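What follows is one structure encoded as structure tokens, with my remarks underneath.
The values are calculated or read from the model by the stated rules, or taken from the named source; none is laboratory data. Being a predicted model, the structure only gives us computed values, none of them experimental. Here Cβ is always computed from backbone atoms with ideal geometry, including for glycine, and neighbour counts include all displayed protein chains. Note: accessible area is taken over every heavy atom of the protein model, side chains too, but ligands, DNA and RNA are not part of it. Shrake-Rupley method; radii C 1.70, N 1.55, O 1.52, S 1.80 Å.
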Amino acid sequence: NTLTASVCEGTIPSVNMTLTQGAAPVVVDYSYNGITYTEIIGIVGQVAPITVNIPLDITNLNIGANTITILSVIDYSGDPSPNTLIPTPVVITVHPTPVVTFATTTPEICFGQPAILEFGFLVGTAPFNVDYTINALPQTPLPFNANGTQTYILTPDPAPGVNTYNMIQVTDDWGCQSIINATAPVTITVNPTP
């Protein structure tokens, strides 16, 4: 079984294997995505039940569903487990790291005109929360309910002068987070009203 059936990309999921009967050590061959792995459960003389937690090789996990299948179980005396006693496969789903672009469609405006930030949600699962700063001051996260290009009109109006906006991090519906400060800040120059 697994306690990490759903993880974000880069997180190391694991499976738990419990030897409930048989002479230890037991050799378990299991596979996922075309690669076979071997795990040895217990030592000579150890009595069942014996549980091990096995971190999975993240270099072989794909984005999406990954099926972990036990191929064979052989005990210390060389006896294989009957197929009827081999557990059913476990599925671990890997969710991608959000990828978001950040820009402005209004790099220079007059005070009182709409100042617009533009986000491009390219990878990840909506809804998204965007942590950002204005002139290095943290702001309330912005919620977005869909993938694709989304805009946000700043309220209240930015102050006259050069205002710097920095997208710090994006969190998607699965709790997966973008790479911190993966995008360059944008500036909006606000000219005072004559």
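Numbers below:
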read-out: Net length gained if the chain between ASP79 and LEU142 were fully extended (0.36 nm per residue, minus Cα distance); value: 16.8 nm
read-out: Accessible-area composition of segment 55-194, carbon plus sulfur, in percent [1.4 Å probe]; value: 59 percent
read-out: Free-standing Cys, the chain [no other Cys Cβ under 4.7 Å]; value: CYS110
read-out: Segment 1-98 - convex hull of alpha carbons, volume per residue in Å³; value: 86 Å³
read-out: Scaled radius of gyration (Cα, divided by 2.2 N^0.38 Å) that segment 34-159 gives; value: 1.88
read-out: Relative packing of 165-171, 14-20, which averages over residues the other C-beta atoms within 10 Å, highest first; value: 165-171, 14-20
read-out: Charge dipole (segment 8-133, unit charges on Cβ, about Cα centre) - positive-most of ASN16, VAL123, ALA48; value: ALA48
read-out: Accessible area per residue in Å² at 1.4 Å probe, computed on segment 30-136; value: 53 Å²
read-out: Relative contact order of the chain, defined on C-alpha pairs under 8 angstrom at six or more residues apart (%); value: 19 percent
read-out: Relative contact order for segment 1-59, counting Cα pairs under 8 Å that sit 6 or more residues apart, in percent; value: 39 percent
read-out: Of VAL91, VAL44, VAL99, the one that fluctuates the most in a GNM where the chain has Cα springs shorter than 10 Å; value: VAL44
read-out: Pairwise Cα inverse-distance average, inverted: Kirkwood Rh of segment 14-69 (Å); value: 12.3 Å
read-out: Extension gain from SER72 to SER14, taking 0.36 nm per residue of separation minus the Cα-Cα distance; value: 19.0 nm
read-out: Kirkwood hydrodynamic radius of segment 144-191, from inverse mean 1/r over distinct Cα pairs, in Å; value: 12.9 Å
read-out: Average projection area in nm² (convex hull over Cα atoms of segment 94-163, one quarter of hull surface); value: 5.0 nm²
